[in-house]
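Inspection log for the structure reproduced underneath, given as C-alpha cells.
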Amino acid sequence: GAGVSQSPSNKVTEKGKDVELRCDPISGHTALYWYRQSLGQGLEFLIYFQGNSAPDKSGLPSDRFSAERTGGSVSTLTIQRTQQEDSAVYLCASSLGGGSGNTIYFGEGSWLTVV
Amino acid sequence: KNQVEQSPQSLIILEGKNCTLQCNYTVSPFSNLRWYKQDTGRGPVSLTIMTFSENTKSNGRYTATLDADTKQSSLHITASQLSDSASYICVIDNYGQNFVFGPGTRLSVLP
C-alpha cells in the first residue's frame with residue numbers, strides 16, 4: 001500500500017480481554033517497529049522486526065505482550081488480559097531496511113482504551 | 001535521566017513568527033538525528049534526517065541544525081502557519097535498530 005496501515009483505528013475493550021492489533025507496512029519494507037504512546041507522552045519502543053525475526057524485543061513491557069510477523073509483511077501485536085494501564089496509542093512504523101539512515105514511516109496508530 | 005531532552009516543553013507563537021526548538025542528547029553511539037512532526041491524533045511524519053557529519057538540513061520552512069560536538073540540535077521554523085501546530089519530536093538513530101525518542105515540544109500557532 002501507499003503507507004503504513006493499522007487496524008483497528010480505535011478499540012475499546014474490557015479489562016481482562018485479549019486484543020490484537022494489526023500493522024500492514026509499506027510494501028518492500030523489511031524493518032517494522034511497534035511503539036506505544038500514552039496520552040501526552042513520548043513514544044515508547046516495544047519491538048523491532050527485521051524480516052520475520054525480532055532481534056530486539058526489549059521494549060515489551062510484560063509477558064502479556066507479544067508480537068509476530070509472518071511473510072516479512074503483516075505484523076500483529078497481541079495484548080493478553082488487558083489492563084487499564086495498557087490504554088494508549090499503539091503506533092507501527094516501517095522502513096526500507098534496518099540500516100541507519102532509512103526514513104521510518106509511521107501509521108496513524110491504533111487507539112486502545114481499556115475500561 | 002532521559003537520553004534525549006527537548007525544550008521548551010510547549011510553545012505558543014503568533015502566525016507568521018519564527019521559532020526555534022531545542023534538542024539535547026546523550027545517546028551514544030549516534031548515527032543520525034531525525035526530527036518528526038506529529039499532528040494531534042496522527043502518526044509522526046519525518047521532517048529531516050541528518051548524519052553526524054551534517055550541520056544543517058532544510059525542508060521547506062523547517063531548518064534543522066546539528067552540533068555533534070555539543071550534542072545539540074535545533075529545529076527552526078520560519079514564517080509559522082496555523083498548520084504548524086503539532087508536537088515536534090527529536091529522535092536519535094542508534095544505528096538503525098534503536099531509535100531514542102525525545103518527549104517532544106508541543107507548538108501552538110495562534111492567528
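The values are calculated or read from the model by the stated rules, or taken from the named source; none is laboratory data. Because the structure is predicted, anything quoted here is derived from the model rather than measured. A quick note on method: Cβ atoms are made from the backbone with ideal geometry, for glycine too, and the neighbour counts reach across all protein chains shown. Ligands, DNA and RNA are stripped out before the accessible areas are found, and what is left, the full protein with its side chains, is counted by its heavy atoms. Shrake-Rupley method; radii C 1.70, N 1.55, O 1.52, S 1.80 Å.
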So which residues in segment A:38-54 are in contact (Cβ under 8 Å) with a residue 40 or more places away in the chain and farther than 27 Å from B:Asp39 by Cβ?
A:Gln50
Check segment B:65-82 and report whether any residue there is surrounded by 17 or more Cβ atoms within 10 Å (Cβ to Cβ) and facing another protein chain (nearest Cβ under 8 Å).
no
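Quick one: count up the residues across segment B:6-27 that are more than 11 Å from chain A (Cβ to nearest Cβ) and under 27 Å from A:Ser38 (Cβ atoms). Show your work before the answer.
Taking segment B:6-27 first, the residues more than 11 Å from chain A (Cβ to nearest Cβ) are B:7-8, B:11-27.
From the residues that got through so far, the ones that are under 27 Å from A:Ser38 (Cβ atoms) too are B:7-8, B:11-13, B:19, B:21-27.
Going through segment B:6-27 one residue at a time, the tally reaches 13.
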As an exercise: evaluate B:Tyr95 against (1) more than 8 Å from chain A (Cβ to nearest Cβ); (2) at positive phi; (3) touching a residue at least 60 places away in the same chain (Cβ under 8 Å); (4) open to solvent by 70 Å² or more (accessible area, probe 1.4 Å) and give the number of the one condition it does not meet.
(1)
Only one of (1) modelled with pLDDT under 95; (2) farther than 18 Å from A:Tyr105 by Cα; (3) surrounded by 13 or more Cβ atoms within 10 Å (Cβ to Cβ) is not met by B:Gln38, so which one is it?
(2)
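Looking at segment A:60-75, can you tell me whether even one residue there is in a strand (DSSP E or B), open to solvent by 20 Å² or more (accessible area, probe 1.4 Å) and either touching a Pro at 6+ places or on another chain (Cβ under 7 Å) or within 14 Å of chain B (Cβ to nearest Cβ) (or both)? Spell out how you get there, then give the answer.
Taking segment A:60-75 first, the residues in a strand (DSSP E or B) are A:65-69, A:75.
Applying the additional criterion that residues be open to solvent by 20 Å² or more (accessible area, probe 1.4 Å) yields A:66-68.
Filter again for either touching a Pro at 6+ places or on another chain (Cβ under 7 Å) or within 14 Å of chain B (Cβ to nearest Cβ) (or both), leaving none.
No, that holds for no residue.
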Among the residues of segment B:11-25, write down those that are touching a strand residue (DSSP E or B) at 6+ places or on another chain (Cβ under 8 Å), open to solvent by less than 80 Å² (accessible area, probe 1.4 Å) and at pLDDT 95 or above.
B:Leu11, B:Ile13, B:Cys19, B:Thr20, B:Leu21, B:Gln22, B:Cys23, B:Asn24
